[in-house]
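Visitor: Dropping a structure here in structure tokens format, bear with me for questions.
The values are calculated or read from the model by the stated rules, or taken from the named source; none is laboratory data. None of these values were measured; they are calculated from a predicted model. Backbone-built Cβ (ideal geometry, glycine too); neighbour counts: all protein chains shown.
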Protein chains: 4
Amino acid sequence: MADEITDNSQTVAAGQLRALIERIERLEEEKQTISDDIKDVYAEAKGTGFDTKALRTIIRMRKKDAAERQEEEAILDLYMAALGME
Amino acid sequence: MADEITDNSQTVAAGQLRALIERIERLEEEKQTISDDIKDVYAEAKGTGFDTKALRTIIRMRKKDAAERQEEEAILDLYMAALGME
Amino acid sequence: MADEITDNSQTVAAGQLRALIERIERLEEEKQTISDDIKDVYAEAKGTGFDTKALRTIIRMRKKDAAERQEEEAILDLYMAALGME
Amino acid sequence: MADEITDNSQTVAAGQLRALIERIERLEEEKQTISDDIKDVYAEAKGTGFDTKALRTIIRMRKKDAAERQEEEAILDLYMAALGME
């Protein structure tokens with residue numbers, strides 16, 4: 001087949017390889033566009049006066065349920081008290 | 001306004017905050033979906049017998065133009081020769 | 001000089017190159033040893049019943065001064081209140 | 001014991017907690033010093049005219065044995081040929 005490239009004992013289907021790579025590249029591009037969109041929303045939030053570090057913390061916290069979060073905070077408060085941090 | 005929350009001297013527009021966070025969360029979700037799609041294509045490539053490590057290297061290389069890539073390889077070959085690596 | 005390797009127009013001092021690489025490799029090794037030591041302390045802490053996630057948070061917090069930390073927490077509390085998170 | 005802090009049902013040995021945290025912080029500091037040393041060697045290499053990107057690649061390659069590296073390169077060359085990259 002014209003599409004097969006052989007090097008020593010190895011053969012590779014060039015068309016299939018190219019198709020896979022182009023699919024990945026298109027997906028990587030879409031992913032980059034979304035990453036840029038996320039950056040834009042943070043920039044907009046910052047421009048409106050929001051604290052983006054706190055926004056990121058909130059988004060991380062919202063991935064946990066309330067009980068899990070409260071338990072984590074209880075342990076943290078206990079350790080902070082033990083260390084005299086206020 | 002019913003929408004504003006004040007804590008000491010700070011006031012925050014709750015509706016605007018919630019809208020920003022939900023936009024970011026939706027985008028993060030879309031990004032995750034695309035990351036999963038990329039993983040699926042690599043898994044498919046692996047299943048067909050392709051070497052995914054080499055695929056990743058190829059994709060990284062294709063982001064550079066040929067001249068840039070050839071110059072990098074020339075330097076690398078020079079260093080490898082100097083170190084007796086073959 | 002016996003130590004110089006030339007490839008096209010480029011020349012490289014092989015001995016100097018080797019010395020630099022070996023210095024970096026030694027440092028990388030020392031760094032790895034310390035990373036392993038840190039993992040061991042966390043494992044020991046976990047074995048004694050401490051919550052390692054909370055330990056990591058505490059260590060991150062201790063890098064900030066109290067005023068900075070309290071300001072960050074105030075903003076976070078404000079946002080959490082605005083979003084009805086408790 | 002004066003050293004124990006209790007919060008609800010939880011008790012923590014404050015002295016032990018503090019000792020663990022201080023050990024980790026000392027190790028993190030040592031690790032940071034070494035990271036800075038590594039950066040310094042790269043800066044020195046760059047100042048002498050070496051290509052630091054190629055140095056990093058060489059160091060990564062030296063972690064593999066020659067056979068492993070040559071096999072990886074053979075696959076890469078095969079894929080590059082299939083894609084018409086030179």
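Visitor: Checking residue D:73 against (1) within 30 Å of residue C:21 (Cα to Cα); (2) in a loop (DSSP other than H, G, I, E, B); (3) modelled with pLDDT under 95; (4) not β-branched (Val, Ile, Thr), which single condition isn't satisfied?
Guide: (2)
Visitor: Still on this model: Considering (1) part of a helix (DSSP H, G or I); (2) of a type outside the set (Phe, Trp, Tyr); (3) under 30 Å from residue C:85 (Cβ atoms), say which one residue B:12 fails and leave the rest.
Guide: All conditions pass for residue B:12, except number (1).
Visitor: Shifting gears a bit: Kindly indicate whether any position in the range C:9-17 is farther than 27 Å from residue D:40 by Cβ, within 14 Å of chain B (Cβ to nearest Cβ) and not basic (Lys, Arg). Please lay out each step first, then the result.
Guide: Start the filter on the range C:9-17 by keeping residues that are farther than 27 Å from residue D:40 by Cβ, which leaves C:9.
Filter once more, so that each one left must be within 14 Å of chain B (Cβ to nearest Cβ): C:9.
Adding the requirement that they be not basic (Lys, Arg) leaves C:9.
Looking through the range C:9-17, at least one residue is farther than 27 Å from residue D:40 by Cβ, within 14 Å of chain B (Cβ to nearest Cβ) and not basic (Lys, Arg).
Visitor: Return the residue satisfying two criteria in turn: it lies in the range C:43-54 and is buried (at least 17 other Cβ atoms within 10 Å of the Cβ) and in contact with a helix residue (DSSP H, G or I) (Cβ under 6 Å, 6 or more places away or on another chain), and of such residues it is nearest to residue A:61 (Cα to Cα). Steps first, please.
Guide: Just the residues of the range C:43-54 that are buried (at least 17 other Cβ atoms within 10 Å of the Cβ), to begin with: C:45, C:50-51, C:54.
From what's left, in contact with a helix residue (DSSP H, G or I) (Cβ under 6 Å, 6 or more places away or on another chain): C:45, C:51, C:54.
On the way: C:45: 25, C:51: 18, C:54: 14 Å.
My answer is C:54.
Visitor: Oh, and also: Hey, among A:39, A:31, which residue is modelled with pLDDT of 95 or more, charged (D, E, K, R) and loosely packed, with under 13 Cβ neighbours inside 10 Å?
Guide: None of the other options fit; the residue is A:39.
Visitor: Here is a further query. Could you list, in sequence order, the residues of the range A:32-52 that are more than 16 Å from the chain's Cα centre (by Cα), in a helix (DSSP H, G or I) and not polar (S, T, N, Q)?
Guide: Keep residues of the range A:32-52 that are more than 16 Å from the chain's Cα centre (by Cα), which gives A:43-52.
Still in the running and in a helix (DSSP H, G or I): A:43-47, A:52.
Residues satisfying the conditions are A:43, A:44, A:45, A:46, A:47.
Visitor: Conditions first: (1) surrounded by 13 or more Cβ atoms within 10 Å (Cβ to Cβ); (2) within 27 Å of the chain's Cα centre (by Cα). Residue C:85 passes all but one, so which condition is the exception?
Guide: (2)
Visitor: Filter the range B:27-75 for residues that are of a type in the set (Ser, Thr, Tyr), farther than 26 Å from residue D:68 by Cα and within 9 Å of chain A (Cβ to nearest Cβ) and give the result.
Guide: Across the range B:27-75, the qualifying residue is only B:35.
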